[in-house]
Amino acid sequence: MESAWLGHIEYRKALNYQLRCIERRASGEIPDTLLLLTHPHVYTIGRIGSDANLLVPSESLLREGIAVERVSRGGDITYHGPGQLVGYPIVLLARPDVHRFIRCVEEALIDTLSGFGIEGRRIEGLTGVWVGEKKIASIGIGVRRWITYHGFALNVGTDLSYFRRIHLCGLKGREATSVAEVTGRDLPMEEVREAVAFACGKHLRGFS
């Protein structure tokens, strides 16, 4: 799997880029590719998500310049913003097993966190990666032409106060955490993204 760093990019621009990558992957023009990036402040709501899980008026967010986007991935509502590493795997699923793919994404992130001395884990019945009872990484996958898009968001040095404006992933009473909060260190984004790229290359191969 190849990886590409897109830098700091608006959500809709990144989504349009993913859609172009899907066409290129379908035609064999590119291999399986992990797009890594960060987003400006934005809340996204998955295809089965509820607007009721946004706890502040969308109009007040717009006044702050924060968009609210309804999107085609799985999952409910989440937040993206500076200090958070976002990964969009463009992977052709030769075997249409989306559940297994999500579990492999979780495993890649758990491996990444382990390298920084953090014990990430799954919680049965929930998607994503947790440290204790707090969520450190969200996952929401979409599939088009049996090619994955959308993906995951790992809180590295994220301002966690933005999560208090939502029921995180539609779960009442759940809180978010970050690499910085758990370790007490501000890790360079470059170091984390290299570790994520390596782990995804290890765990996401073999699907095509």
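Of the residues L93, G117, L61, the one whose Cα sits farthest toward the positive end of the charge dipole of the chain, with +1 on the Cβ of Lys and Arg and -1 on the Cβ of Asp and Glu, is L93.
C104: net charge of surrounding residues, Cβ under 13 Å, Lys/Arg +1, Asp/Glu -1, itself excluded?
Local net charge: +1.
Where only protein heavy atoms count, and the probe is 1.4 Å, what is the accessible area per residue for the stretch 1-107 in Å²? Value for the stretch 1-107: 46 Å² per residue. A simple count of charges around I30, restricted to other residues whose Cβ falls under 11 Å of its Cβ and scoring Lys, Arg +1 and Asp, Glu -1, yields -1.
Comparing L126, L93, L54 in a Gaussian network model of the chain (Cα springs below 10 Å), the most mobile by mean-square fluctuation is L126. The number of Lys pairs in the chain with C-alpha atoms less than 27 Å apart, excluding pairs fewer than 8 positions apart on the same chain, is 5. Taking the DSSP bridge list for the chain and keeping only pairs wholly inside it, about 70 percent are antiparallel. When the Gaussian network model of the chain links Cα atoms closer than 10 Å, the mean-square fluctuations of V91, V56, V143 top out at V56.
Between amide H atoms placed 1.01 Å from N, distances below 5 Å from S3 occur with L34, all of them 5 or more places distant or on a separate chain. In a DSSP loop and with at most 16 other Cβ atoms within 10 Å, the trypsin sites (Lys or Arg not before Pro) in the stretch 102-208 are R122, R145, K172, R185, R205.
For H41, neighbours were defined as the other residues whose beta-carbon sits under 13 Å from its Cβ, and their charges (Lys and Arg +1, Asp and Glu -1) total -2. Residues in the stretch 108-208 average 47 Å² of solvent-accessible surface per residue, probe 1.4 Å, ligands and nucleic acids excluded.
Split the accessible area of the stretch 36-84 by element, probe 1.4 Å, and carbon with sulfur accounts for 57%.
Over the residues of the chain, the helix contribution to mean residue ellipticity at 222 nm works out to -9000 deg cm²/dmol, using -39500 (n - 2.57) for each DSSP H run of at least 4.
Taking GluC sites (Glu not before Pro) as candidate sites, keep only those in a DSSP loop with at most 16 other Cβ atoms within 10 Å, then name the longest stretch of the chain containing none of them.
134-208
The values are calculated or read from the model by the stated rules, or taken from the named source; none is laboratory data. On a predicted model such as this, the values are computed, not experimentally measured, just so you know. Don't worry about glycine lacking a Cβ; one is built from the backbone with ideal geometry, like all the others, and counts go over all protein chains shown. Surface areas here come from the heavy atoms of the whole protein model, side chains and all, with no ligands, DNA or RNA. Shrake-Rupley method; radii C 1.70, N 1.55, O 1.52, S 1.80 Å.
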